[in-house]
Amino acid sequence: MKKQTTAIVLGLAVMAAPLGAEMPRPEGLAALGDVPVPGSNPQTDAKVELGKILFFDPILSGNYNMPCSACHLPDAGWAIQAPISFGYPGTTHWRNSQTIVNSGHYKKLFWAGASGSLEHQARSAARGGVAGNGEDDMMESRLAFVPEYRERFADVFGDDWPNIRHAYDAIAAFERSINQTDTPFDLYMNGDDAALSEQQVRGLELFAGKANCISCHNGPLLSDEKYYNTGVPPYSGWEDDEIAQITFRFEIFAKGATEEMYREIKDDPGLYFRTKEKADKGKFRTPSLRYTKYTYPYMHNGMIETLADVVDFYNDGGGLNDFADNKSAQIRPLNLSDGEKADLVAFLESLSGDEILIDEPDIPDMQPLPAVAN
């Protein structure tokens, strides 16, 4: 009789298959399906096309310089390959830019779940103090000066003049069209045993077993969308980058921290800004592991450079930050061997397929202003 072992992890059964047996497919993981679409903003080809143009057009930003694509570059994982995202010229952001790939599957957006929909996220980004820095009435007025937008908004939404809320609806529709459901992992979970290499299958078993990544990275999105403090160290730029320091202090002040926190804190409080609960300091939402091959560096502040570094970080039991008292209990040393770490990295790479690249659209011109007679 062939030997077979079972590891039980948080109620999730992981079978180590004997030679010739069915390949292991852990409970708690699944292939990604179609993106959910809210009834209030149905997808149409014309709406997606309008959203695509607006995504690349700097017209929806305060100084006419920061389109969505400035921080979500297609050739940089639909994010940016730098620790901290960009601000408008003369500023910087204070958190890592997250990819829009598969973002329509999230129930909440941003690192601390501040937006409940892509529509709301688009508006928040366009109006953000160090990102878009735009005002709705100003951006809406600009749209009205573009004949092509007047025509497209009338066709898609029936607007007499472009409605700024409909602009965010269109951008959200475009973002919901950027998905990847044919990764090696998805093909494997849908029954293709050959889609993963032997090393990746070993990594999958570690992911759901000894390494216990599945306790937080589960479901089709590979995220439980809950919040944890994993001990990620503070952003290093706050030590010597004056502009980053100014942005950080502005965000601390704007989000309602106490005076003591404003004067003394040197790390990102994360979820605390939304709940004002001390137990939430340093907690951030579990990100999806999909498309991570292209979205380096990692974590909310980009302080971990490669997937191998991420595995090392968790193998060591996470790190230490200014909110060590809140470090989540799940984060503890994994005792993985070098070979096991390599297997786990190989599996993580199977969660990304081919790079998603598109041709950028032509940006329409504003109509010329009428000449003024002397």
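Quick note: the coordinates plus some simple rules give every number you see, no bench work behind them. Treat the numbers as computed from the prediction; the structure is a model and nothing was measured. Here Cβ is always computed from backbone atoms with ideal geometry, including for glycine, and neighbour counts include all displayed protein chains.
Between the amide H of Leu29 and those of Gly219, distances stay under 5 Å, these residues lying 5 or more places away or on another chain, with hydrogens modeled in the peptide plane. If the chain linking Asp160 and Ser124 were pulled fully straight, counting 0.36 nm for each residue of separation and taking away their Cα-Cα distance, it would gain 10.5 nm. The Rg/Rh ratio for segment 136-283, using Cα coordinates for both the radius of gyration and the Kirkwood hydrodynamic radius, is 1.12.
Qualifying chymotrypsin sites (Phe, Trp or Tyr not before Pro) in segment 274-374, where qualification requires a DSSP coil assignment and no more than 13 other C-beta atoms within 10 Å, are lacking entirely. Compute the distance from the alpha-carbon center of segment 228-245 to that of segment 26-51, in whole Å. For segment 228-245 versus segment 26-51, the Cα centre distance is 34 Å. Taking 7 Å steps out from each Cα toward its Cβ at Ser328 and Glu148 produces label points 4.3 nm apart. Per-residue Cβ neighbour counts within 10 Å put Ser85, Ser236, Ser177 in the sequence Ser236, Ser177, Ser85, beginning with the fewest.
Spacing of the modelled spin labels on Glu198 and Glu264, each 7 Å from Cα toward Cβ, amounts to 5.7 nm. Distances between every pair of Cα atoms in segment 73-145, grouped in 5 Å steps from 0 to the bin holding the largest one, split as 3, 15, 20, 26, 20, 12, 4, 0 percent.
Please check: in the Gaussian network model of the chain (C-alpha springs, under 10 Å), which one of Trp94, Trp78, Trp238 has the largest mean-square fluctuation. Looking only at Trp94, Trp78, Trp238, the biggest GNM fluctuation is shown by Trp238.
Considering only Thr258, Leu143, Gly104, and ranking their Cα positions along the charge dipole of the chain that arises from unit charges at the beta-carbon of Lys, Arg, Asp and Glu, the one farthest toward the positive end is Thr258. As a proxy for reagent exposure, Glu360, Glu340 were ordered by neighbouring Cβ count within 10 angstrom, fewest first; the result is Glu360, Glu340. Here the sum of -39500 (n - 2.57) over DSSP H runs of 4 or more residues, divided by the residues of the chain, equals -9000 deg cm²/dmol at 222 nm, to the nearest 500. As a quick test, which of the pairs Lys266/Lys327; Lys210/Lys283; Lys276/Lys327; Lys226/Lys283; Lys255/Lys278; Lys266/Lys293 have an alpha carbon distance above 20 angstrom in this structure? Pairs exceeding 20 Å: Lys210/Lys283; Lys266/Lys293.
Taking Glu27, Glu264, Glu239 in turn, the Gaussian network model of the chain (Cα-Cα springs below 10 Å) assigns the largest fluctuation to Glu264. A simple charge model with +1 on the Cβ of Lys and Arg, -1 on the Cβ of Asp and Glu and nothing else charged puts the dipole of segment 45-176 at about 580 debye relative to its Cα centre.
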